[in-house]
Amino acid sequence: MTSKPTDIQPIHATLYFLPVAMRVPLKFGAETLTQATCARVRLQVQDRAGRTAEGWGETPLSVAWVWPSTLSFDARESALQAFCTVLARAWAGFTAAGHPLEVGHTFQESVLPKLLEEFNQQREGAEPMPWLAALVCCSAFDIALHDAYGALLGRPIYDTYTAEFMNADLAHYLRPAEGMPVCFAGRYPADYLVFPRPSRLPAWHLVGGKDWIDPAECDGTEPEDGYPVLLRDWIRRDGLKCLKVKLRGNDAAWDYDRLVRIGQIAIEEGVDWLTADFNCTVTDPAYVNEILDRLVWENPRIYGMILYVEQPFPYDLEMHQIHVHSVSARKPLFMDESAHDWHLVKLGHSLGWSGVALKTCKTQTGALLSLCWAKAHGMTLMVQDLTNPMLAQIPHCLLAAHAGTIMGVETNAMQFYPDASLPEAAVHPGLYTRRQGCVDLSTLAGPGFGYRLGDIRRELPAPVGEW
């Protein structure tokens with residue numbers, strides 16, 4: 001690999017934890033969440049000439065999503081936070097230099113697996129923290145690395161994913177599927193991105209398993225804080241056109257009824273699109289097929305509104321190599337929790353998955369490489385939320401804008417903790433409130449991810465530490 005004067009390496013890391021409380025519970029698999037902690041990172045970098053800059057990254061440490069387990073929430077969250085401090089020390093001492101995608105990839109390939117292995121060994125027989133949790137912890141540092149590079153150059157980070165700034169083309173990272181006429185030599189991430197990016201994106205609203213659908217379901221426990229509670233009120237206030245329906249994946253009668261009930265509300269309220277999220281609990285494609293086929297006969301309009309189906313099957317794709325062609329023959333089928341990196345996207349492609357749901361919480365670096373592999377092989381893209389508040393919302397929406405998704409972006413922090421983002425919303429109102437069914441990115445400006453941090457009046461807590 002060559003080198004460039006613009007190559008950077010990290011030299012200093014600062015870590016913060018920002019707790020946020022949910023206004024309504026969020027059901028994730030078998031768990032119901034009422035709070036979350038966001039890891040925020042400030043990473044200082046230096047180029048070959050000694051110039052320095054700092055960048056910022058943030059991600060929710062979404063315990064139930066990254067680490068489904070019977071282990072207590074507090075035990076898992078404490079482990080995630082402890083691992084973030086391990087990562088801060090490692091990033092501050094990491095000597096690899098290059099473009100942020102190159103540095104991020106090297107860290108994930110050569111450092112992160114060893115750190116996770118050592119961390120789990122030191123926990124003396126406790127349940128090991130999974131790889132997805134390690135990726136999410138790492139993502140705040142990786143996002144900050146990309147932001148710092150843009151800050152150093154004074155350019156939006158998406159303008160740097162080209163041969164002008166990168167030392168290696170995509171063939172250095174990616175291998176095509178066997179027998180496919182795909183060549184990554186001479187190609188760079190910018191070749192698979194959308195320029196100019198749109199300034200508005202259709203917004204997907206999450207209809208959780210605990211959400212209130214009918215006024216008769218209200219029992220006095222719902223919040224009275226000025227924000228909508230019932231689904232119809234959300235649709236009317238935000239002009240929503242896209243609803244993501246959380247299902248159980250192990251109760252076909254409940255799942256079918258839920259889709260029909262929400263589909264009927266969607267039709268009455270002028271919503272255009274639905275997606276069905278089966279919660280990673282399905283083990284037989286016939287479960288999904290039977291629900292979809294019943295919809296075709298009994299509720300064909302609702303069936304037609306389903307734009308895609310999301311991750312019905314278990315997280316561990318290598319352990320559960322289920323052939324899913326029969327599902328993707330009915331509706332586009334998107335990997336989410338299984339799509340940790342492009343290697344697993346490649347495996348999913350061979351098993352019949354037709355799309356990929358990208359998340360910045362699996363690192364900006366990993367999301368870009370998965371995006372490039374998927375697009376080169378004709379897979380459709382979506383960008384899914386991790387209930388991203390505050391700074392985490394900005395790289396999330398930028399990825400969707402540059403990815404060319406099947407339809408907009410999922411964004412639901414405004415449903416579960418809208419007040420957590422008030423300082424950011426004062427500068428970027430269109431990113432934290434959905435209007436006419438869309439989020440608006442037009443206020444993003446400047447280098448890196450365009451946060452405009454100097455305009456955001458956010459008082460941070462004392463840092464956990466500096467390295």
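Below, the figures for the structure above:
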| read-out | value |
| --- | --- |
| Cα-based helix-to-principal-axis angle, 342-351 vs the chain, degrees rounded to 10 | 30 |
| Shape call, the stretch 1-106: gyration tensor on alpha carbons, a/c limit 1.5 | prolate |
| Estimated inter-spin distance, GLU124 and THR443, nm [label 7 Å along Cα→Cβ] | 4.9 |
| Fraction of beta bridges assigned by DSSP in the stretch 191-445 that are antiparallel (%, nearest 5) | 15 |
| Global geometry of the stretch 75-190, whether rounded, prolate or oblate, following the gyration tensor of its Cα atoms and the 1.5 cut on a/c | oblate |
| Gap separating the Cα centres of the stretch 64-96 and the stretch 242-299, nearest whole Å | 34 |
| Antiparallel DSSP beta bridges within the chain, as percent of all bridges there, nearest 5 | 55 |
| Loop sites in the stretch 261-351: GluC sites (Glu not before Pro), DSSP, at most 16 other Cβ within 10 Å | GLU318 |
| Extended-chain gain in nm, criterion 0.36 nm per residue less alpha-carbon gap, SER72 and GLN35 | 11.9 nm |
| Burial order of peptide ranges 12-20, 390-398 (average beta-carbon count within 10 Å, highest first) | 390-398, 12-20 |
| For ASP336, net neighbour charge (Lys/Arg +1, Asp/Glu -1) across residues whose Cβ lies under 14 Å away | -3 |
| Nearest-ten-degree value, helix 131-153 long axis tilted from longest Cα axis of the chain | 60 |
| Amide H contacts of VAL439 (H built 1.01 Å from N, under 5 Å, at least 5 apart or other chain) | LEU201, ALA203 |
| Cα gyration tensor shape of the stretch 191-445, rounded if a/c is under 1.5, else prolate or oblate by comparing a/b with b/c | oblate |
| Listed peptides 96-104, 151-159, 124-132 by packing density, highest first (mean Cβ within 10 Å) | 96-104, 151-159, 124-132 |
| Residue exposure sequence - SER110, SER328 - by fewest surrounding Cβ within 10 Å | SER110, SER328 |
| Exposure proxy ranking, count of Cβ atoms within 10 Å, fewest first, for PHE107, PHE141, PHE195 | PHE195, PHE107, PHE141 |
| Ranked by how many other beta carbons lie within 10 Å on average, peptides 352-359, 256-263, 180-187, 30-37 from highest | 352-359, 256-263, 30-37, 180-187 |
| Degrees separating the helix 285-298 axis from the principal Cα axis of the chain, which is the longest one | 50 |
| Listed residues HIS146, TRP131, LEU112: farthest to the positive end of the dipole of the stretch 70-218 (Cβ charges) | HIS146 |
| Calculated Rg/Rh (Cα atoms, Kirkwood Rh) (choose from (1) 0.97; (2) 1.34; (3) 0.95), label | (3) |
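Read-outs: derived from the displayed coordinates by stated rules, not from any lab. As the structure is a computational prediction, the values presented were derived from the model and not from experiment. Ideal geometry is used to build each Cβ from the backbone, glycine not excepted, and the neighbour counts take in all protein chains shown.
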